[in-house]
Amino acid sequence: MSSSAHADLVSEAKRHYHTGLAYERLGRFEEAYTELQLASNLYPESAPIAVAVGTVAGRMGRIDESQRALEHSLALDANSCASYYELAMIYEKKEMVDRALESWHRFLALSLDEQLKVEARKHITRLETHA
Amino acid sequence: MRSGKRSATRSATCGGILLSILGGCAVSKPVTTASPATVLPIHRLAVLPFSGTGGSALAHELIRQMLPLGLTISENPKEADVLLSGSMTDYKPNNKRMIFLGQSTTVSVSGQTIAVSNPVASLSGNQTAPVDAGFGLNGSRVVWVSATVGAVVRLTDRRSGNVLWAGEYAYESLDLDSASKAVAEVLLHSLQSMLQTPPAVPLAASS
């Protein structure tokens, strides 16, 4: 693919991405999800798009789709803080304890938000003690 | 965050009370005793309705998790030795977390500038401050929503009214069901730690 054709694809992906985020802010998750998926199909190398797809899918209750998108985002960017946070909750819901623990530990290492770090430690304690 | 303040369970025993939850057995085993006059074997437990939104769901979850443990649970509080009651401190389906998409420059509490990928903010406003985010343009963000369930639970001697144990816990999870399940699990674990089922009687000793 020529560089100009690639640039066109990225530009089109950005358009769908921002349209999707606009729908998300309006609470129109179906439209947001569709737009973000279009963006992801056009530009699958983008970790932020994958995170956006996973986050919106999670809000819609599409847990499996959310998990897939977030795991894809980590394959693109192993330091994606939000991906670990959201995946940790999904893994907990699915009782995948080892993966949940690993995700919480990675989130704890990356996050700078003190309140969320307290929350992450609490999850780690519960999973290590009770699960 | 409120749940963070409630991260630890607390338990308290009322001295001089014999506790023994029996799974259909006629023998009781003391856990703590101070005076024979105050000995109270527990054969039956009743779970009262929990006050507050989500109370019935959490009470139901506690009963569901107690049944496999062999505890005798009565639906009639008048037939029970002890009563498990509680009130909800949290039942929120929509804790919002802001996800800043893309590479962000974040200022830490100490003032240090750090590059982070897709940072998450708790929206409390005093931990982190992403300076720039998102796929070539500022302001790309999306909201993640989770749920929090919290409760205070008490085990009370029906006859004397003494509180035998109390626990408090709150937890954030993907949804209310998952959070309720985790809260019930932790509270029950704390309650169990002060209860002992009767030891198996060796055949030679029973003859």
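Among the numbered criteria (1) away from chain B (no Cβ under 11 Å); (2) of a type in the set (V, I, T); (3) under 30 Å from B:L191 (Cβ atoms), which one does A:T34 miss?
In the conditions (1) away from chain B (no Cβ under 11 Å); (2) of a type in the set (V, I, T); (3) under 30 Å from B:L191 (Cβ atoms), A:T34 misses (3) alone.
Given the options A:A78, A:A39, A:A109, name the one that is of a type outside the set (S, T, Y), crowded, with 21+ Cβ neighbours inside 10 Å and without any contact (Cβ under 8 Å) to a residue 60 or more places away in the chain.
Matching residue, one of A:A78, A:A39, A:A109: A:A39.
Check the range A:79-90 and report whether any residue there is under 21 Å from A:E119 (Cα atoms), outside any helix (DSSP H, G or I) and of a type in the set (S, T, Y).
Within the range A:79-90, one or more residues are under 21 Å from A:E119 (Cα atoms), outside any helix (DSSP H, G or I) and of a type in the set (S, T, Y).
Restricting to the range A:38-64, and then to whatever is farther than 25 Å from A:F107 by Cα, outside any loop (DSSP other than H, G, I, E, B) and not small (G, A, S), can you tell me which residue is nearest to the other protein chains (Cβ to nearest Cβ)?
Ranking the candidates gives A:L42 first.
What's the total number of residues in the range B:76-118 that are free of Cβ contacts under 8 Å to residues at least 40 places away in the same chain, in a strand (DSSP E or B) and among the small types (G, A, S)?
Result for the range B:76-118: 3.
Restricting to the range A:91-118, give me the number of residues that are in contact with a helix residue (DSSP H, G or I) (Cβ under 6 Å, 6 or more places away or on another chain), within 7 Å of another protein chain (Cβ to nearest Cβ) and either basic (K, R) or part of a helix (DSSP H, G or I) (or both).
Total satisfying the criteria: 4.
Hey, any hits in the range A:65-76 for a residue that's facing another protein chain (nearest Cβ under 8 Å) and of a type in the set (A, V, I, L, M)?
No, the range A:65-76 has no match at all.
Where a number appears in this text, it was derived from the coordinates with a stated rule and is not lab data. No experiment lies behind these values; they were computed from the predicted model shown. As a convention, Cβ positions derive from the backbone with ideal geometry for all residues, glycine included, and neighbour counts pool all protein chains shown.
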